[in-house]
Each structure stands twice: as C-alpha cells, then as structure tokens.
Amino acid sequence: MATTNGSASPDTTRAIALALQGGGGLGAYHIGAYEALAEAHLLPDWVCGTSIGAFNAAVIAGNRPEDRIKRLAGFWDAISRPDVFLPEDATALRYLHNVVSYADAVVFGQPDFFTPRNPFTLFLPDAPSQDVSFYDTTPMLATLQRFATFPVARDAAVRLSLGVTDVESGTARYFDSKRESIGPSHVLASGSLPPGFPATSIDGRLYWDGACVSNTPLDEIVARSGHAHLIVFMIDLWSLAGKAPRNMNEVLWRAKQIHYASRSRYHLDTAVACARLRHAAHQLRTRDEAASAAPKDPAFQRLDIVHVVYRPGPDQVPGSDAEFSRESIAERRAAGYADLKAAISRKPWLTEKSQAHLGVVVHRVENGLVTTEAAGAAQEAPAPAEADQS
C-alpha cells in the first residue's frame, strides 16, 4: 500500500497506481517520474503500462523497491549508444544531434532492442505474421530478462497490467498479473507497434501494441479498482497544447502530439465519467444502508487522478519517439523528475476536497504548474499545509 512521505510506515487508507503511456524514446520521462515518487515513499501498488510504458512497468514490478531506479536507468542505458556531450544552451546543435540520432535508429536500429530486417523480405507476397515488420525485436526479450525478474505473478508485491491489441479481433486486452503470470513475451507484445515491429504470439494469439487501440492504460485501472481511495499517477508523454507550427518539422511533430494526446484526453474523460457513474451508483446503494454499521459495498470513496504531462524542449525532433540518444534520455528523465516533484510538493490529492456527489478529482501537472479540476472548472491547487501529510 502507499507509504507516507518521509516514513516507511504503510498507509492502509490509500492505494497508488501508475499509468504509463507509450511514446518510444520519450518513455525516459518515466524514469524521473518514478524516481521522484520513490524519494517521497509513494510506492505503487499497481503499475499499468502500454508500449514503452509496459517495458518500464515490467522493470518496476519485476524488481525490489531499492533496485528499481538503478534497473530502470540500466535498461535505458542498454538500449542506447554512447553519446557526445553537448552544452545545454546550444539548442541548434542539440537539434542537429537529435536528427542524426533519429536517423541512426531508423537505419541501424537500437542495441538490445530492435534490428533492421533484410529489406528484401518486405517484398515477399506471403510470410509468417511474426516476420512482417521493418525490424526484429527479438533482442528485447533478453534485455527484459536482464533488468526484471520473471514471471510477475499473483503473489508479486506490485500488480502489473499490460495493454495489448488482438491482431485478428482488433480489440484491446490487458494481461494482468492477478489473472496470469507475466513473462517477457507479454511485455514485448504490448510494445509490438506495427509496421515497425512484428506481432507477438501468446498462447496461439497474435498481439500488437496496445496503443493501436488505446495508448493510455487508465481505463483498466479505473474499471478494476476496488480501493476506497485510489491515487493514479497518469504519466502522459504527449502534450495536447502547443504552438502553431511554422515549418514542416514542427508540423510533423505537432500533428503527432495531437494524434496521441487527443486520444489520451478522450480516454481520461471517459474513465472519469465512468468512475463518477460508478460512484453515484454506490451512493444510491448505500443510501438505504445508512443505518447499517457495515455497508455491503464500502469500496470506492474517492479517486484522484494526477495527470502529469511531458512538455519537450525545443531541441526535440518530429521523430523523438524513435530518438534514443543518451543526451535526450537524460533530459527527459530530468523533466519527469521535476514535474513529479512539483506535484508531490503540492499534494493535491490531500489538499483538494472532493465534492461528495463526484468522488473523482483530476489534477493536471504541466511545466511545474498544478491545477485541479473537480467539476469541470480547473483552478490552481493551493500550497500544501506546513505539516507533511502524504
């Protein structure tokens, strides 16, 4: 269960979940986000991931708390190449560097992650489904086993859920350690984004990346949570708001952001609406049981969603999701750490009251600004009380 800030004693009244999005190389943001949570002793009870978020989720769930940050950093170091040092104020030079890094990934792949296939195989009229892709992701299976302990099963300290897409039915599915043992192939399936990566076979079914249907694994957490007070840190790698583009590179980057971020916002709004309906139904059921000392359905009193959004710097390129330079990884990690520190310092899940008829509160964290939206009107969260309450 959640632990208090600055203390190792458990808080049995609240549970913490992480919803980790897909976004390729942008997923290094998750490292810093988790690092800030761990420093505050806000350790997750449940980690749900899609695509690169599934890889990071597996490393978190597949390690002891004291090893997770080191293992996350090691995982990202393994799938990147040694880099050159660039001054922070050299934006144009860093942008050029990132363009070259992106091109390098496209042509040569990434170490311990994916390698390009023989281009002649792309012209075959018929081939096994697991071979129809631009790249081979077999190296990732060994990498996952290096940095996480498998299987992640029902008795694991942290629940692990992974979003995938059934290739033949076209429907979303979640592998869940509460229902099945999770192995490296389950994790790889969640990151099998076509046409770059091939489908992954699990128990005779073929699966693609969960982002083909939903890049944000929030709905699974909301639908299956039985906690009285659940705090969900939704780590979003795509920003919906942004400046109007003024050149073709900016057009490509902005279009990609809107494509993914608009779907994330839709899934967030849908999950909130469903949770509020669930809360209203709970209130109706328990209203007639008010005289009872033990209500039949005590679950779900409050859900706090802390929606943390990554805002990339000016040196990022349109293909940043396929850009794995160590300079960029370090920059994204630092951004994740700073944004979560801002959220934790405000503690909106404690300082903001929930209207009784809603039960769900959304807190948005972007560029260090924390706002709270309880009933459709966002407002800046107040500063936390002097006493440490988390």
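The values are calculated or read from the model by the stated rules, or taken from the named source; none is laboratory data. Bear in mind the structure is a predicted one, so any value in this text is a computation, not a measurement. Neighbour counts run over all protein chains shown; Cβ positions are idealised from the backbone, glycine included. The accessibility values were calculated without ligands, DNA or RNA, using every heavy atom of the protein model including side chains. Shrake-Rupley method; radii C 1.70, N 1.55, O 1.52, S 1.80 Å.
Side notes on the structure shown:
- Among (1) under 28 Å from residue 269 (Cβ atoms); (2) out of contact with any strand residue (DSSP E or B) (no Cβ under 7 Å at 6 or more places or on another chain); (3) open to solvent by 20 Å² or more (accessible area, probe 1.4 Å), the one test that residue 326 misses: (1)
- Going through (1) modelled with pLDDT of 95 or more; (2) open to solvent by 10 Å² or more (accessible area, probe 1.4 Å); (3) assigned to a helix (DSSP H, G or I) one by one, residue 94 falls short only on (1).
- Selection from the range 313-333 of residues that are more than 16 Å from the chain's Cα centre (by Cα) and either among the aliphatic types (A, V, I, L, M) or part of a loop (DSSP other than H, G, I, E, B) (or both): 313, 314, 315, 316, 317, 318, 319, 322, 323, 324, 325, 330
- Residues of the range 359-382 satisfying the condition of being touching a helix residue (DSSP H, G or I) at 6+ places or on another chain (Cβ under 7 Å) and modelled with pLDDT under 70: 381, 382
- Selection count, the range 109-134, where residues are in contact with a Pro (Cβ under 7 Å, 6 or more places away or on another chain) and without any contact (Cβ under 8 Å) to a residue 24 or more places away in the chain: 0
- Among (1) open to solvent by less than 30 Å² (accessible area, probe 1.4 Å); (2) more than 27 Å from residue 267 (Cα to Cα); (3) touching a helix residue (DSSP H, G or I) at 6+ places or on another chain (Cβ under 6 Å), the one test that residue 164 misses: (2)
- With respect to being under 30 Å from residue 231 (Cβ atoms) and either modelled with pLDDT of 95 or more or buried (at least 22 other Cβ atoms within 10 Å of the Cβ) (or both), residue 51 fits the description.
- Residue tally, condition more than 25 Å from the chain's Cα centre (by Cα), surrounded by 15 or more Cβ atoms within 10 Å (Cβ to Cβ) and in a helix (DSSP H, G or I), over the range 100-121: 1
- Every residue from the range 177-224 that is under 22 Å from residue 157 (Cβ atoms), in contact with a Phe, Trp or Tyr (Cβ under 8 Å, 6 or more places away or on another chain) and part of a helix (DSSP H, G or I): 184, 186, 187, 190, 220, 221
- The number of residues in the range 205-237 that are open to solvent by 10 Å² or more (accessible area, probe 1.4 Å) and closer than 22 Å to residue 35 by Cα comes to 0.
- Scanning the range 197-228 for residues that are over 25 Å from residue 116 (Cα atoms) and either touching a Ser or Thr at 6+ places or on another chain (Cβ under 6 Å) or among the β-branched types (Val, Ile, Thr) (or both) turns up 213, 216, 217, 220, 221, 222.
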